[in-house]
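Take a look at this one; I'll ask things after.
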Amino acid sequence: MNNKIKLAVAGAVLASASVANAGITWDAGDWTVDMNGNVNAFAVMTDSSDNNTVTGGLATTNGGNDKDSVGINTGLLPSWLGFTATTRQNDIDTSVTISFQPGAGNTQALKGGNSNNADTENRQAFLTFGDKSWGSVKVGKDLGIFGSTAILNDMTLLGVGSGSATSGNTTTLGRIGTGYLYADWIGQIAYTTPNMNGFQLTAGITQPWNAQGGASATSSGSTDEFGYQGQASFSWTGDFAGKVWGGFFSQEVTNITTGVAGTTTSDRANAFEAGVSTSIYNINLVAYAYSAEGVGTTGMLVQGFDTSGNARDSDGGYVQATYVIPTGTKLGVSYGESHLDNNAGDGDALVKENTMLTVGAYHPLTKHLNLVAEYSKVESEAQGGDENESDVIALGAILFF
């Protein structure tokens, strides 16, 4: 049952050229069409104990008013409807994938007002072509390469993790920003080698990011060069199965504001990652870490540069343990941190560290339907020492097809 859940999650998040983890399939001429996805929603209850200013902090503040908030929202994994069509012609496997992701929540509105304003996203539009003898090429918009395996192994992918109960956004954050950087969904041209006795490599060029900041950490930038991402992995099977992986991200960032009128600078943002996931009997263990310069925290190139155009260092990681009890329920505990170093001249309000401890229970009521209960404690600390803390309880369900 645990393997079926993991395959369903991977299928919903990373639609592939294969229909091995298919949802609802049918033949249409030379093509096989796979319709797949999920619907999920959670009652999210957040208790916030502080109201300090932490720029880039992920712990919810109490707003100087009621410290409690509640809402109905989609979890880390958005509700999903995807279509993949595959065929083999001229000894080449080809596929096309398109998907969209409607939100399950909405923001509050005054009586009589229209509050039906949850976001809807379009995260995938890509094609693939290749053969098992020489690998495959992906062209289009899909989950980024760097950081992708970290999020796929995150147990809060079935739940909520951190995120405001009343946001009305398409998703919450899960462990994004409290253990790994968000891979996001970006345009790319990537090549993946065939599986060579467990070893596999993916590398590609991607749509470049602009540098982003915030109050007391502003900077902007654009690039005239593609981003470069890659990941190598080795997997093995048996009673003691597992996977180890390492990845990189690199991009030149130009036109970064320096704080001096009329002047800009340029720099290169780099990040590296490594992780391991192992399973024995009903136990799964995950350890992951990343280190970066100019990449920032939570999102790619968010607060990666200071107001003088200098790169900030950042790092983080998470550890996780899950155990499937005889009823099929997966019990898990996960802890992670993301750190951002300050530069000379940075304000005291800039985030120094975001951390989150999560415990969860994920019960497969049927082969496709899972009930979820999670508790997360999120803490944010500013460079000047101010702290915010929030406790998040999430109860809900997620159904894959």
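Each value in this text was obtained by applying a stated rule to the coordinates, not by laboratory testing. Please read these numbers as outputs of a predicted model, since none were measured by experiment. Note that we place each Cβ from the backbone using ideal geometry, even for glycine, and neighbour counts take in every protein chain shown.
What ranking, highest mean first, results for peptides 353-359, 203-209 when packing means the other Cβ atoms within 10 Å averaged over each residue?
Averaged packing, sorted descending, gives the order 353-359, 203-209.
Could I ask something else about it? Mind ordering 251-264, 147-160 by average Cβ neighbours within 10 Å, highest first?
With the highest mean Cβ count within 10 Å placed first, the list reads 147-160, 251-264.
Rounded, prolate or oblate for the chain? Axes are the square roots of the Cα gyration tensor eigenvalues, ordered a ≥ b ≥ c, and the cut-off for rounded is a/c under 1.5.
Judged from the Cα gyration tensor, the chain comes out oblate (a/c at least 1.5, b/c at or above a/b).
Shifting gears a bit: Between ASP27 and ASN195, what's the calculated FRET efficiency when r is the beta-carbon distance and R0 is 30 Å? Round to 0.05.
Computed FRET efficiency for ASP27 and ASN195: 0.65.
Now, a different point. So for each of 305-316, 172-183 I average, over its residues, the number of other beta carbons within 10 Å; can you give me the resulting order with the highest mean first?
172-183, 305-316
Here is a further query. For the chain, what does the helix formula give at 222 nm: sum of -39500 (n - 2.57) over DSSP H segments with n ≥ 4, over the residue count, nearest 500 deg cm²/dmol?
Value at 222 nm, helices only: -1000 deg cm²/dmol.
What distance in nm separates the simple spin-label points at SER222 and ALA361, each placed 7 Å from Cα in the Cβ direction?
Inter-label distance under the simple model: 5.3 nm.
Grab the chain and count how many Lys pairs have their alpha-carbon atoms under 18 Å apart, sequence gap of 8 or more, or different chains.
9
Let me ask something else about it. Classify the stretch 42-92 as rounded, prolate or oblate, taking a ≥ b ≥ c as the square roots of the eigenvalues of its Cα gyration tensor: rounded when a/c is under 1.5, otherwise prolate if a/b is larger than b/c and oblate if not.
prolate
Further question: Can you check how the C-alpha radius of gyration of the stretch 135-294 compares to 2.2 N^0.38 Å, as a plain ratio?
1.19
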